[in-house]
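Written out below as structure tokens is the structure these notes cover.
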Amino acid sequence: MKKNTSKEVKKYSHLSFEEREEITIGLEKGLKQCEIAKIIGRNPGTVSRELRRNKYVAVKFKYRASMAQIRADYRNKESHQRQRIPNKRLRRFICKYLYKGYSPEIITAMAVERNKRWKTNHETIYQWIYKDRKDLIICLTKCHKKRRKRGTENKKRSKIPNRIMIEKRHEHINLRSRIGHWEIDTAVSRMSKEAIMVLVERKTRFTIIKKLKAKTALAMHYATVKSFKTLPPKVRKSFTYDNGLENALHELTNKKLGTKSYFCNPYHSWEKGTVENIIGIIRRFYPKKTDWKKVSQCDLNKVARYINNRPMKLLRFKTPYQVFVALAS
């Protein structure tokens, strides 16, 4: 007897609702499983498994197509949901450093160094926290109760005149090879109209924090000019903004200080990630819902001194103040 050497691959498909209806009709007629299988063109074992897995004992005929379809769909959905971070040792490792205040990005890098078999990324950790371990949300720097959707839906056209987008920024600014290029952002509160303006020098991470009476373009302009008027031109070359309307007077600021301005793309906050990280540090002192009206400029100066006198690894464990003074002189 010759062996079948054909390379045909058998394709398997799940039972359809119509086939399940044929099984129900066949059972009502009293047909045997092999006879039902012949009618629907399936193997008798398929019919046998279907009746064993999806029979419904609460009805007269013990099998109904509608209930069988619901059970099959649910089982199929559950089978495609993989457990996030199945490795127990990795989960304990993540929890340990989340409690220490480390971000998921840092934990991911540390996990790879600890054990090369631990495969994860920061997005998986975020999903695991918000899906399975909501008690760990409090350990995140920005502990939102619900994870915000990422995307650029419903973009509004900016009303800021004559923007130069970040793609046209000079390469030496991107490489942080020269001093004098700043990122600027604001932190607001629902408790009052007051806000704070944060400026961070890209190369040295030197930080300036100023209180604003309101998050308006005029207040931003006056605060920026006042902060930089006494500084030498060497350390005031450009500002990188987001697309908030409080930055609408950027041309007037450039005229007063002799600077240039660049703008991030809408919803691309990571393009000015340095100032975003510094605001995260400020939030440790003044969390969200802080009433900025009750915070004085003297208090903000103390936070700025803390940041500027804290050694940083990327500065070879020198402080931003030390590096800024050395390069500015």
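The values are calculated or read from the model by the stated rules, or taken from the named source; none is laboratory data. Remember, predicted model here, so these are calculated numbers, not experimental data. Ideal geometry is used to build each Cβ from the backbone, glycine not excepted, and the neighbour counts take in all protein chains shown.
Summary of computed values
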{"quantity": "Residue list for segment 96-122, restricted to those being assigned to a loop (DSSP other than H, G, I, E, B) and within 16 Å of PRO86 (Cα to Cα)", "calculated": "ASN115, LYS116, ARG117, TRP118, LYS119, THR120, ASN121"}
{"quantity": "Criterion: within 30 Å of HIS122 (Cα to Cα) and not basic (Lys, Arg) - qualifying residue of THR253, THR207", "calculated": "THR207"}
{"quantity": "Any hit, segment 239-246, residues being modelled with pLDDT under 95, outside any loop (DSSP other than H, G, I, E, B) and more than 23 Å from SER103 (Cα to Cα)", "calculated": "yes"}
{"quantity": "Filter pass, LYS226 being basic (Lys, Arg), out of contact with any helix residue (DSSP H, G or I) (no Cβ under 9 Å at 6 or more places or on another chain) and assigned by TED's automatic domain parsing to the domain that holds ARG316", "calculated": "yes"}
{"quantity": "The one condition in (1) over 25 Å from PRO266 (Cα atoms); (2) modelled with pLDDT of 85 or more that ARG163 fails to fulfil", "calculated": "(1)"}
{"quantity": "Matching residues, segment 303-318, being surrounded by 11 or more Cβ atoms within 10 Å (Cβ to Cβ), within 14 Å of LYS203 (Cβ to Cβ) and without any contact (Cβ under 8 Å) to a residue 60 or more places away in the chain", "calculated": "LYS318"}
{"quantity": "Condition met for VAL47 (at pLDDT below 90 and closer than 22 Å to CYS139 by Cα)", "calculated": "no"}
{"quantity": "Meets criteria (within 25 Å of GLY280 (Cβ to Cβ) and out of contact with any helix residue (DSSP H, G or I) (no Cβ under 9 Å at 6 or more places or on another chain)) for ASP73", "calculated": "no"}
{"quantity": "Segment 206-230, residues that are in contact (Cβ under 8 Å) with a residue 40 or more places away in the chain and either of a type in the set (Phe, Trp, Tyr) or over 20 Å from LYS302 (Cα atoms) (or both)", "calculated": "PHE206"}
